[in-house]
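Nothing in this text is a laboratory measurement; each read-out follows from the coordinates by a stated rule. A quick note: this is a predicted structure, and the numbers were derived from the prediction, not measured. Here the Cβ is made from the backbone with ideal geometry for all residues, glycine too, and neighbour counts use every protein chain on show.
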Amino acid sequence: MALRRSLMGSMTLSNHYCSEDLLDIETAAGGFKQRKGMRQCLPLTFCVHTGLSQYMALEGTEGCSEIFYHCPDQMAQDPSAIDMFITGSSFTEWFTSYVYNVVTGQYPIIRDQIFRLTPIKL
């Protein structure tokens, strides 16, 4: 089975759809962030549908060293204030857990797309 798109998986929830691609090094370097709140953060993925990316903090100088989704803090007075939805504690943990979930069937493959949502077990 050849997976042609969204190497880093897709998610569908109600009317929301996200399909992320792993960025090549040149594209990721072009998105390297130096602004306050995102200094030393490198984008790893990108979704053409939502514009969302997962970032890797290259240094822990701003309080993190994880892989995360950037979430602007809507309530903060400072526009550079951000919240983060952490998706991994390191690149190795983030990537190997993703591969493990694909290989073991935790993330189902539907119509040649990997879906990152797993069923809720009651």
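Packing around the peptides 42-51, 93-102, 21-30, taken as the average count of other Cβ atoms within 10 Å per residue, puts them in this order, highest first: 42-51, 93-102, 21-30. With 0.36 nm allotted per residue and the present C-alpha distance subtracted, the ALA29-THR92 stretch has 20.8 nm of extension available.
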